[in-house]
1. Of the residues that sit in the range 441-492 and are more than 44 Å from the chain's Cα centre (by Cα), hydrophobic (A, V, I, L, M, F, W, C) and not in a helix (DSSP H, G or I), which one is surrounded by the fewest Cβ atoms within 10 Å (Cβ to Cβ)?
2. Provide a single number: the residues in the range 525-577 that are within 15 Å of Ser509 (Cα to Cα), among the polar types (S, T, N, Q) and part of a loop (DSSP other than H, G, I, E, B).
3. Scan the range 304-328 for residues that are of a type in the set (Asp, Glu) and surrounded by 15 or more Cβ atoms within 10 Å (Cβ to Cβ) and jot them down.
4. Any idea which of Tyr375, Tyr344 is buried (at least 17 other Cβ atoms within 10 Å of the Cβ) and more than 19 Å from the chain's Cα centre (by Cα)?
5. Counting just the residues of the range 204-247 that are assigned to a helix (DSSP H, G or I) and more than 34 Å from the chain's Cα centre (by Cα), which one comes out surrounded by the most Cβ atoms within 10 Å (Cβ to Cβ)?
6. Of the numbered conditions (1) surrounded by fewer than 15 Cβ atoms within 10 Å (Cβ to Cβ); (2) closer than 29 Å to Pro399 by Cα; (3) in contact with a helix residue (DSSP H, G or I) (Cβ under 9 Å, 6 or more places away or on another chain), Gly289 satisfies every one except a single condition; which is it?
7. Restricting to helices (runs of 4 or more DSSP H) lying wholly in the range 365-425: which have 3 or more residues that are in contact with a helix residue (DSSP H, G or I) (Cβ under 9 Å, 6 or more places away or on another chain) and small (Gly, Ala, Ser)?
8. Output the residue which, of all residues in the range 542-576 that are crowded, with 24+ Cβ neighbours inside 10 Å and polar (S, T, N, Q), is nearest to Leu614 (Cα to Cα).
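The values are calculated or read from the model by the stated rules, or taken from the named source; none is laboratory data. Please read these numbers as outputs of a predicted model, since none were measured by experiment. Glycine also receives a Cβ, built like all others from the backbone with ideal geometry; neighbour counts cover every protein chain displayed.
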Amino acid sequence: MKNTAAAILLLGGLGLLAGCGKKTPQPEQLLTEYIRLLNEESYEEMYSYLSEDAKAETDEETFVNRNRNIYGGIEAADITIEIAENDEEDRKDADTRRVEYSISMQTLAGELSFDDMVAIFKKDEEGAYKMEWDSQDIFPNLQNTDKVRVVTTEAERGNIYDRNHVELAREGVASSVGLVPGKLPEDRSGALEQLAALLEISVEKIENALSAGWVRDDTFVPLRTVAKDAMDLKEQLLEIPGVMITDTTVRFYPFGEKAAQLTGYVQNITAEELEERAGQGYNQNSIIGKAGAERVYEEQLRPRDGYSIEILNEQGDVKQTLLEKAPEDGEDVILTVDITLLQYLYQEMEGDEGCAVAMDPESGAVLALVSTPAYDPNDFVMGYTTSAWEAVNTDETQPLYNRWLAAWVPGSSFKPVTAALALTAGTLDPEEDVENDGVSWQLDESWGSYYVTTLEDYPVKNLENALVHSDNIYFAKAAVGLGAEGFAEGLNSLGFGEELPFDFELTASAFGTEGKIASDMDLADSGYGQGKLLVNPLHLSSMYSALVNGGDMVRPYLTEGQETAYWKEGVFTPEASETVLQALYQVVESEEGTAHEAYRSEYRLAGKTGTAELKASQDDTTGTELGWFVGLCTEDTDRPLLITMMIEDVKGRGGSHYVVPKVMAGFDAWMLGKAPEFQAADTGAATDNADNG
């Protein structure tokens, strides 16, 4: 029961009680103070307000327990009273007084209120009023021999579906393993030790469960939930005398680790969460979303159990129903994702550490969110064993880490964004041949030994060719041409430093130091996606969407029923968007393009690779690489698709070229219905600038 100091001291309460001893506190003030103590659960102090006759009928322990059990059981809170006006001034000094009042309180079944209740006060030997009390002062029809019972009718949690109404999270069946105490052998220590070892729990935990007050010899005492198909384990368990296994209902995730970071999982509510959500209809048996969509959409998914508050007579029959609240099942949540596409991408990435985002770049509907490696959310529902938890929690590949929530160095995948910003600002001529000698460049001698480098020289260094060859120097110069202030303004216009308006909380993209570019070297490096530049994959996808939406960045969304909206409008001019988009087609279609392996004759694809180097210094040879590929298909299709994929540690594995075929498996499945077989694939430091993705 919550301690609520709401305005219940309707008649001045303690102020009148003080009175310097000159006046005897009146019953109205005493009753008001009594209700204040009730809100504070100060039952012992409430007992001091009772007359000697009342105390003779009910001792303090009985009084305290009865009030605590009843008010606590119904989760009473915000108890307030309204005392009826009394015009009989001549009765103020009567030895016996009756006070009429109405009382209301919030309970787990809703608001409960009674009218025209009467409290009786009598003067004691010292002339002070004291309260005559019995159980009818709790509820009018409650006798001392009656009991109050709360009956719970469980509601069902809503399901989570993909866009085609395939179930991603639903009710399932597992096996509850427990003991029937009366069937244990006389010397039960060996059986308990064997059971504890198989269930990976302590003997002490089993003993504590068996010693609960409600346990009888023929009672089933549940100890742990295991998977329904854990047949080998269950066979071993059933060999132990006293073990019983029954079906139990649990939350189930049919796609396991493939959709784990998207669906998340539920678990039993903790004491801390229960306290934080007091008054919201949760109880100690509630499950609550802990991660992923289960947590994000908790308010829609969560069931509201029904409750009936009943008075039972001495025979256990229902004497009166005080209040009823019907159960409310949770709402289903339909996501925009396509679980088939998600599975294809996960399958391609299995064995790698990385993430992928797929979306409709025209509408903003998110079609897939993948993070690898992942965990099985069903393990959280069942309850991890100690060894399994240690294994997943100490795994160096971090399967619990959701990579698409994070921000990463984008490498050359960011070059189209730099180009579009420079074109929009008018500081870049897409047809100009930007001269450069060789494969290294520095702005001036102030850079000392630092140079921006690129991997190859080529003729006619205009925008299209620079993207086709992924020329670091060209885009370093483009950023320097914008200037630190202009480049920063462009990035800010794209939403850097802001929270993307998305249901999941994503790490904001960032640049420079606290949003400022400190030097020309940092500016140049940022122009081709290195330096101090970090980008969230979903945010990068939104930036690319501006290339097909006339310069407007679409707002990604994850639940069905939303309309297309733009997060940032006019970030690029329509002309700049079209120029960059046409160049990205050539990155794929030109035989010299870094993404030519993504070319398909059946549909037209624009794209950009990126290999971001993570190194302690320019001379560091021990750093790792992030591989990127962003593919975009909107031409002549009613199924537009954009896929952004990042895989960590691609050094020595082909850089971004390791990523391209994985993305294309997703495109082929989506555009052509060519589904790959489901089989396992083989398997922040300072940054350098040798990135030619």
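1. In this case the residue turns out to be Val460.
2. Residues flagged as within 15 Å of Ser509 (Cα to Cα), among the polar types (S, T, N, Q) and part of a loop (DSSP other than H, G, I, E, B) within the range 525-577 amount to 2.
3. Within the range 304-328, Asp305, Glu310 qualify.
4. Tyr344
5. Our first condition is that a residue be assigned to a helix (DSSP H, G or I); within the range 204-247, this holds for 204-210, 231-238.
Of the ones still in play, those that are also more than 34 Å from the chain's Cα centre (by Cα) are 207, 210, 232, 235-238.
Working: Glu207: 13, Leu210: 18, Asp232: 8, Glu235: 9, Gln236: 15, Leu237: 22, Leu238: 12.
If we take residues in the range 204-247 being assigned to a helix (DSSP H, G or I) and more than 34 Å from the chain's Cα centre (by Cα), then Leu237 is surrounded by the most Cβ atoms within 10 Å (Cβ to Cβ).
6. Gly289 satisfies every listed condition except (1).
7. 415-425
8. Per the criteria, the residue is Ser542.
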